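The structure appears below as structure tokens.
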Amino acid sequence: TGMFATELDTPVYRGTVSCNTGLFINGKFVEAAEGGTIDVINPATGQLLTKVSAATSKDVDIAVEAARKAYKTSWGLKVPGVQRGEMLMKLANLLEANIDEFAALECLNTGKPWSESRGGDMNLSLKTFKYYAGWADKIHGKTIETNEQKLAYTRHEPYGVVGQIIPWNLPLTMVSWKIAPALATGNVVVLKPSEITPLTALKLAGLINEAGFPPGVVNILPGLGPTAGAAIASHPHIRKIAFTGSTITGRKIQEASAKSNLKVVTLELGGKSPNIIFEDADIEQAIKWAAIGIFSNSGQICVAGSRIFVQEGIYDTFMQGFSRTAKGMSMKTGDPFASGTMHGPVVSQTQFDRVMGYIDSAKADGAEVFVGGERHSLSEGFFIEPTIFADCTPAMKIVQEEVFGPVAAVIKFRTEEEVIEMANDTNYGLGCAVFTENVSRAIRVSNALEAGTAWVNCNISAEHNVPVGGYKESGIGREMGEYAIDTYTQVKAVHINVGLKI
Ligand code: TXE
């Protein structure tokens, strides 16, 4: 199959960047059965980078068969945890040895600045592989006291073939969050990266054999959602599916599971995370964290702090500082590989149009454009100015719906009770952030907010060993940390008669 390869000579990375462009099935790169391809675009220029093979249901069937066979013959609990862990660690080491190239490939495909790719995504991916490598030989059941004539214990067994579908905002990180816990627990994997950002997943696929995984244990199939994705979601031999993406598609995944084989579903979906800044906050710090919360990765982060509630006494001070920060980022917008770039493009023309549509709706709804609100003046690429809307009201679309772009909606509030009410007035429940120097208030408010993650005096940071997931319509189940182990294992209770005669 084909290769993508290009030479880069940039201030932050010099050298070749390459990956295979086929489907990775049963330990080999192959063309798609129906021969289709997908264009992969560089969002910083709008130009074609390469084409990759596009899987359809036929390829998914082949991959699932390969995975089932691998599960029966050369994986699952047949391979001791310590060996599974060694392979994951080897994979981590191979990733680490090539980490700058991975970071560069991610920058090319997503447009995110080098500092975010190399310093953020790559490190988190690496830590995730290492962390779950360590878990592989620590999957324990329990023995349960019943009576002297019986030994009862539990085994935490893998599901078998696990389907995984991931989005484009943190491509390699999402691969690591998905495949590392699945493999540590003895599952085999059929993963579909986003059709928009398949390159780092394919590059990682190129390391799977060298890490020692038997053929069929890991299968990576770029493809479109309604074809390859839907085939995974409804496949009768996939026993568990893990999905990260929009709430709308998450519903389809659950529906497909219900209509096919009731596969276990975990979902990590959209958000509209409230950031609450109280008068007793360290305002300078709150401003910086709020900016990180909504402008990092051009706002394309599921936990982005997109609703910013500011208490009335500090509203003006906050807005001055916040707008200065946003304007500063706007000046550092551009080439992901230029040193000092802080703000990149959004990922695609579709995403650009969607975000600009939300900006127009906010203007039409009467929100005040405090900063930005336009396409960035760069001549090419999908760049949007860091944007702040002031004086937003709860009914506005910009306050209700996930934008997934560099767009903050700021809302003024008076009291703690009122802001808790407003913050929880959403169907989402992924993240929240509270800024206050009063420890009682910090605990009280973070307890009262309906979200799977609460940050106090910080924002959006993830740790490989801390769980992530949603309340309400933001998701089902938890990823990362010890909690993810539970979502990739099923419990078998064993009763052994040690003497009862009947
Ligand atoms: O997401 P999709 P899109 C949100 C964000 C963004 C919006 C749309 O608000 O603006 O979603 O983005 C696969 N069966 N998030 O359209 O469709 C698809 O191929 C099976 C939040 O890109 O959810 C891709 O691999 N799979 C989010 C994955 O689903 C299907 C991250 C995600 O794409 C499918 C991304 C189908 N019928 C977007 N249709 C977050 N929470 O992090 C699509 N897919």
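The values are calculated or read from the model by the stated rules, or taken from the named source; none is laboratory data. Keep in mind that this is a model prediction, so the values were computed, not measured. All Cβ positions, even for glycine, are placed from backbone atoms using ideal geometry, and neighbour counts span all protein chains on display.
Per-structure values
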{"read-out": "Residue count for the range 252-266, restricted to those that are more than 9 Å from the ligand (Cβ to nearest atom), touching a strand residue (DSSP E or B) at 6+ places or on another chain (Cβ under 7 Å), not polar (S, T, N, Q) and not in a loop (DSSP other than H, G, I, E, B)", "value": "2"}
{"read-out": "Residue tally, condition outside any helix (DSSP H, G or I), more than 16 Å from the ligand (Cβ to nearest atom) and surrounded by fewer than 20 Cβ atoms within 10 Å (Cβ to Cβ), over the range 413-445", "value": "6"}
{"read-out": "Condition check for residue 121: closer than 12 Å to residue 171 by Cα and either surrounded by fewer than 24 Cβ atoms within 10 Å (Cβ to Cβ) or at pLDDT 95 or above (or both)", "value": "yes"}
{"read-out": "Flag if residue 173 is within 24 Å of residue 18 (Cβ to Cβ) and either of a type outside the set (S, T, N, Q) or touching a residue at least 24 places away in the same chain (Cβ under 8 Å) (or both)", "value": "yes"}
{"read-out": "Single residue of 340, 321, 344, 313 found to be within 22 Å of residue 290 (Cβ to Cβ) and crowded, with 21+ Cβ neighbours inside 10 Å", "value": "344"}
{"read-out": "Residue match in the range 17-25 (condition: of a type in the set (Phe, Trp, Tyr) and within 27 Å of residue 238 (Cα to Cα))", "value": "yes"}
{"read-out": "Residue selected from the range 393-405 under the condition closer than 16 Å to residue 368 by Cα and buried (at least 22 other Cβ atoms within 10 Å of the Cβ), by the criterion nearest to the ligand (Cβ to nearest atom)", "value": "398"}
{"read-out": "Flag for residue 270 being within 16 Å of the ligand (Cβ to nearest atom), of a type outside the set (Phe, Trp, Tyr), part of a loop (DSSP other than H, G, I, E, B) and more than 30 Å from residue 4 (Cβ to Cβ)", "value": "yes"}
{"read-out": "Per-region count, the range 180-204, residues within 15 Å of the ligand (Cβ to nearest atom) and touching a Leu at 6+ places or on another chain (Cβ under 6 Å)", "value": "4"}
{"read-out": "Selection count where residues are out of contact with any helix residue (DSSP H, G or I) (no Cβ under 9 Å at 6 or more places or on another chain), more than 16 Å from the ligand (Cβ to nearest atom) and in a helix (DSSP H, G or I), scope the range 329-354", "value": "2"}
{"read-out": "Test set (1) over 23 Å from the mean Cα position of the chain (by Cα); (2) not in a strand (DSSP E or B) - residue 369 fails condition number", "value": "(2)"}
{"read-out": "Some residue of the range 297-313 being in a helix (DSSP H, G or I), more than 19 Å from residue 435 (Cα to Cα), within 16 Å of the ligand (Cβ to nearest atom) and not hydroxyl-bearing (Ser, Thr, Tyr)", "value": "yes"}
{"read-out": "Among residues of the range 436-467, those that are within 15 Å of the chain's Cα centre (by Cα) and of a type in the set (Asp, Glu), counted", "value": "1"}
{"read-out": "Top-ranked residue in the range 215-251 [being more than 21 Å from residue 261 (Cα to Cα) and aliphatic (A, V, I, L, M); ranked as nearest to the ligand (Cβ to nearest atom)]", "value": "224"}
{"read-out": "Residue ID - farthest from residue 402 (Cα to Cα), chosen from residues in the range 272-286 that are surrounded by 23 or more Cβ atoms within 10 Å (Cβ to Cβ) and of a type in the set (A, V, I, L, M)", "value": "281"}
{"read-out": "Filtered residues of the range 352-375 (kept if touching a residue at least 24 places away in the same chain (Cβ under 8 Å) and within 17 Å of residue 404 (Cβ to Cβ))", "value": "352, 354, 355, 356, 358, 359, 361, 362, 372"}
{"read-out": "Qualifying residue in the range 203-213 (condition: among the β-branched types (Val, Ile, Thr), within 12 Å of residue 26 (Cβ to Cβ) and part of a helix (DSSP H, G or I))", "value": "yes"}
{"read-out": "Enumeration of residues in the range 112-136 that are outside any helix (DSSP H, G or I) and either under 16 Å from the mean Cα position of the chain (by Cα) or under 18 Å from residue 466 (Cβ atoms) (or both)", "value": "112"}
{"read-out": "Subset tally (residues that are in contact with a Leu (Cβ under 8 Å, 6 or more places away or on another chain), part of a loop (DSSP other than H, G, I, E, B) and of a type in the set (Val, Ile, Thr)) for the range 473-502", "value": "1"}
{"read-out": "Pairs with Cβ under 7 Å, 6+ apart, first in the range 231-257 and aromatic (Phe, Trp, Tyr), second within 8 Å of the ligand (Cβ to nearest atom)", "value": "243/165; 243/250; 243/253"}
{"read-out": "Residue check for residue 478: touching a residue at least 12 places away in the same chain (Cβ under 8 Å), of a type in the set (D, E, K, R) and touching a strand residue (DSSP E or B) at 6+ places or on another chain (Cβ under 7 Å)", "value": "yes"}
{"read-out": "Close pairs from the range 415-441: first within 14 Å of residue 277 (Cβ to Cβ), partner aromatic (Phe, Trp, Tyr) and in a loop (DSSP other than H, G, I, E, B), Cβ under 6 Å, at least 6 apart", "value": "436/278"}
